[in-house]
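Laboratory data are not the source of any read-out in this text; all were calculated from the coordinates shown. Given the structure is predicted, the values throughout are model-derived calculations rather than measurements. Virtual Cβ from ideal backbone geometry, glycine too; neighbours counted across all protein chains shown.
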Amino acid sequence: MADVSSSDTPLKATFKVRLNGETVTLATVGQAHRFITNLSAVEWMEFRSLHDDAVAALELAAGNAMLTVQATNALRALFVRARML
């Protein structure tokens with residue numbers, strides 16, 4: 001897919017993440033991709049490997065909906081480790 005951020009492919013779970021006191025809901029590949037790529041690289045530095053895995057999984061899932069389970073799992077691992085869930 002040319003633009004992962006515009007993908008409407010649903011994730012296998014909906015994530016409600018707290019950021020700066022506000023709750024952000026992530027239900028699609030595009031929403032999740034925008035969320036984890038719009039934050040500064042410095043903010044993800046501690047979790048670089050998990051972040052890279054999640055970005056790669058979302059990019060693959062945008063082009064193949066059968067890979068949404070892997071993308072969802074990669075996001076869950078990143079968010080749990082970053083204590084965002």
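Taking the criterion of being more than 11 Å from K12 (Cα to Cα), surrounded by fewer than 18 Cβ atoms within 10 Å (Cβ to Cβ) and in contact (Cβ under 8 Å) with a residue 24 or more places away in the chain, the residues of region 75-85 that qualify are A77, R81, A82, M84, L85. Can you find a residue in region 31-42 that is without any contact (Cβ under 8 Å) to a residue 12 or more places away in the chain, under 17 Å from S5 (Cβ atoms) and within 8 Å of the chain's Cα centre (by Cα)? Yes, region 31-42 contains at least one residue that is without any contact (Cβ under 8 Å) to a residue 12 or more places away in the chain, under 17 Å from S5 (Cβ atoms) and within 8 Å of the chain's Cα centre (by Cα). Applying the set (1) more than 15 Å from V80 (Cβ to Cβ); (2) buried (at least 21 other Cβ atoms within 10 Å of the Cβ) to T25 leaves exactly one unmet item: (2). Taking the conditions (1) assigned to a strand (DSSP E or B); (2) closer than 23 Å to D3 by Cβ; (3) among the β-branched types (V, I, T); (4) free of Cβ contacts under 8 Å to residues at least 24 places away in the same chain in turn, T23 satisfies each one other than (2).
For the structure I just gave you, tell me whether V69 is among the β-branched types (V, I, T) and within 23 Å of N20 (Cβ to Cβ). It is false that V69 is among the β-branched types (V, I, T) and within 23 Å of N20 (Cβ to Cβ).
Within region 49-74, the set of residues being among the β-branched types (V, I, T) and in contact (Cβ under 8 Å) with a residue 60 or more places away in the chain comprises just one member, T72.
For every residue, the table says whether it meets (1) among the small types (G, A, S); (2) buried (at least 20 other Cβ atoms within 10 Å of the Cβ); (3) part of a helix (DSSP H, G or I).
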residue: S5; (1), (2), (3): yes, no, yes
residue: T14; (1), (2), (3): no, no, no
residue: A32; (1), (2), (3): yes, yes, yes
residue: T37; (1), (2), (3): no, no, yes
residue: E43; (1), (2), (3): no, no, yes
residue: A62; (1), (2), (3): yes, yes, yes
residue: M66; (1), (2), (3): no, no, yes
residue: V69; (1), (2), (3): no, no, yes
residue: N73; (1), (2), (3): no, no, yes
